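Notes to accompany the following structure.
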Amino acid sequence: ASNLQIQGLAKRYGNFVALAPTHLEVASGEFLTLLGPSGSGKTTLLSLIAGLSRPDEGRLIVNGRDITDGAPYERDIGMVFQNYALFPHMTIEENIAFPLKMRNMDGAQMRRRTADVLDLVRLPHVAQRYPKALSGGQQQRIALARCMVYNPSIILMDEPLGALDKKLRDQMQLEIKRIHRQSGTTIIYVTHDQEEAMTMSDRICLMNAGAIAQLGSPADLYFRP
Ligand code: ADP
Ligand code: ADP
């Protein structure tokens, strides 16, 4: 079953077409990567899905529900950014519990969910620390945990490993794949790194100049030498 349907979604800035009318269906549990050079429209598409910007045309359907006009927090969609965006004055536990607090979850249930996702990202020992005491890789795992804590059906990741060095990036690719397999959450992942897209994705959506140039499994894609 497809849990995300993108139906003719388009975005312009003045006369400039950042995203031409785009159609795409993402299956439940799929790992889909948006790959393409800088300026090809990857972040534009992701922001539209997240509800951080409004489309000029088209509809967005999540699990059969039209969310095009819904606010970001009503969308059942989580987002992870390159810069982690953790709250510096809150402990890791408080950071992760924050989305649950916003949803008025009761204390016991909140502590249980927080402990569960800390286990999922394999960092239960950092619960009482502050973000600045953690390495970049650990902060990104906490950002992912904060996103998974309310069980969104889709997680959007915008160049999540862009700030990390090569060795840590390779480790984190495996870690994200493990979390994806274990949780079964649909992931839409943005990168301009072809190798990263090839190793991580079920399907790759190759973007160019605000449009989908190719769509297929890593083995199906044709890359110009
Ligand atoms: P990518 O994520 O693939 O690097 P983006 O989606 O960020 O590409 O950008 C696509 C194009 O849209 C770029 O040429 C960018 O300059 C342009 N763009 C993005 N945001 C704005 C904006 N707020 N105003 C004008 N142009 C924008
Ligand atoms: P990262 O690679 O994300 O920067 P580290 O290199 O600090 O993380 O940690 C590598 C592994 O060791 C991680 O899986 C982490 O869960 C584990 N780890 C780190 N610090 C501790 C600790 N104090 N107690 C138990 N496990 C730890």
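Provide 198, 172 in ascending order of the number of other Cβ atoms located within 10 Å of each residue's Cβ, fewest first.
Ranked by crowding around the Cβ, least crowded first: 198, 172.
Largest first, please: the extent of the C-alpha atoms of region 173-225 along each principal axis, to the nearest Å.
Projected onto the principal axes, the Cα atoms of region 173-225 cover 33, 21, 18 Å.
Of the lysine pairs in the chain, how many meet both conditions: Cα atoms under 26 Å apart, and a spacing of 8 or more in sequence or different chains?
Pairs that pass both the separation and distance tests number 10.
Can you list the equivalent-ellipsoid semi-axes of the chain, largest first and in whole Å, using the square root of 5 times each Cα gyration tensor eigenvalue?
29, 21, 16
Please rank 38, 201, 28, fewest neighbouring Cβ atoms within 10 Å first, as an exposure proxy. Numbers along the way, then the final one.
On the way: 38 7, 201 23, 28 14.
The order, fewest Cβ neighbours first, is 38, 28, 201.
Compare the Cα positions of 133, 28, 73 along the charge dipole of the chain (+1 at Cβ of Lys, Arg; -1 at Cβ of Asp, Glu; about the Cα centre) and return the one farthest towards the positive end.
In the chain, that residue is 133.
At q = 0.16, 0.21, 0.27, 0.28 Å⁻¹, what log₁₀ I(q)/I(0) does region 44-96 have when each alpha carbon counts as one equal point scatterer in the Debye sum?
Relative scattering, expressed as log10 I(q)/I(0), comes to -0.58, -0.81, -1.06, -1.11.
Can you work out D for region 73-118 in µm² s⁻¹ from Stokes-Einstein, where Rh is the Kirkwood radius over C-alpha pairs, the temperature is 25 °C and the viscosity is 0.890 mPa s? Mind showing how you got there, number by number?
Numbers: Rh = 11.6 Å.
Answer, rounded: 211 µm²/s.
Can you tell me how region 67-169 classifies by the Cα gyration tensor, rounded, prolate or oblate, using a/c under 1.5 as the rounded cut?
Details: a/c = 1.92, a/b = 1.14, b/c = 1.68.
Taking the square roots of the gyration eigenvalues as a ≥ b ≥ c, region 67-169 is oblate.
Let me spell out the model: positive unit charges on the Cβ of Lys and Arg, negative unit charges on the Cβ of Asp and Glu, origin at the Cα centre of the chain. What dipole size does that give, in debye rounded to 20?
460
Need the full-extension length gain, residue 167 to residue 223, defined as separation in residues times 0.36 nm minus the C-alpha distance. One decimal, nm. Walk me through the numbers before you get to the answer.
Details: separation 56, 0.36 × 56 = 20.16 nm, distance 2.50 nm.
Fully extending the segment from residue 167 to residue 223 adds 17.7 nm.
In terms of the ratio Rg/(2.2 N^0.38 Å) built on C-alpha atoms, what value belongs to region 1-78?
This ratio for region 1-78 stands at 1.05.
Using alpha carbons only, how many angstrom separate the centre of region 132-164 from the centre of region 1-79?
For region 132-164 versus region 1-79, the Cα centre distance is 20 Å.
Could you calculate the contour length gain from residue 122 to residue 91, that is, 0.36 nm times the residue separation minus the distance between their Cα atoms, to one decimal place in nm?
Numbers: separation 31, 0.36 × 31 = 11.16 nm, distance 1.66 nm.
Between residue 122 and residue 91, full extension yields 9.5 nm more.
How would you rank 192, 125, going from fewest to most other Cβ atoms within 10 Å of each one's own Cβ?
The fewest-first ordering by Cβ neighbours comes to 125, 192.
How many nm is it between the label spots at residue 133 and residue 16, if each spot is 7 Å from the Cα in line with the beta carbon?
Distance between label points: 4.4 nm.
Around residue 196, with a cut-off of 12 angstrom between Cβ atoms, what is the net charge of the other residues, counting Lys and Arg +1 and Asp and Glu -1?
Details: positive: 166, 169, 177; negative: 159, 170, 193, 195.
That sum, taken over residues with Cβ under 12 Å, equals -1.
What does DSSP give for the chain in terms of the percent of beta bridges that are antiparallel, rounded to the nearest 5?
55
Is the C-alpha gyration tensor of region 92-221 telling us rounded, prolate or oblate? Criteria: a/c under 1.5 is rounded; beyond that, a/b larger than b/c is prolate, otherwise oblate. Kindly include the intermediate steps, with their values, before the conclusion.
Working: a/c = 2.40, a/b = 1.75, b/c = 1.37.
Here region 92-221 falls in the prolate category.
With n ≥ 4 as the cut-off for DSSP H runs, can you work out [θ] at 222 nm for the chain, using -39500 (n - 2.57) per run divided by the number of residues, rounded to the nearest 500?
Taking each H run of at least 4 residues, the total per residue is -10000 deg cm²/dmol.
Place a +1 charge on the Cβ of each Lys and Arg in region 57-176 and a -1 charge on the Cβ of each Asp and Glu, then give the dipole magnitude about the Cα centre in debye, rounded to the nearest 20.
Using only the charged Cβ atoms, the result is roughly 400 debye.
Between rounded, prolate and oblate, where does region 121-186 land on the alpha carbon gyration tensor, with a ≥ b ≥ c its root eigenvalues, rounded for a/c under 1.5, else prolate if a/b exceeds b/c?
It comes out oblate by the Cα gyration axes.
Values quoted throughout were computed directly from the atomic coordinates according to the rules given, and no laboratory measurement underlies them. Because the structure is predicted, anything quoted here is derived from the model rather than measured. Cβ atoms come from the backbone with ideal geometry, glycine included; neighbour counts cover every protein chain shown.
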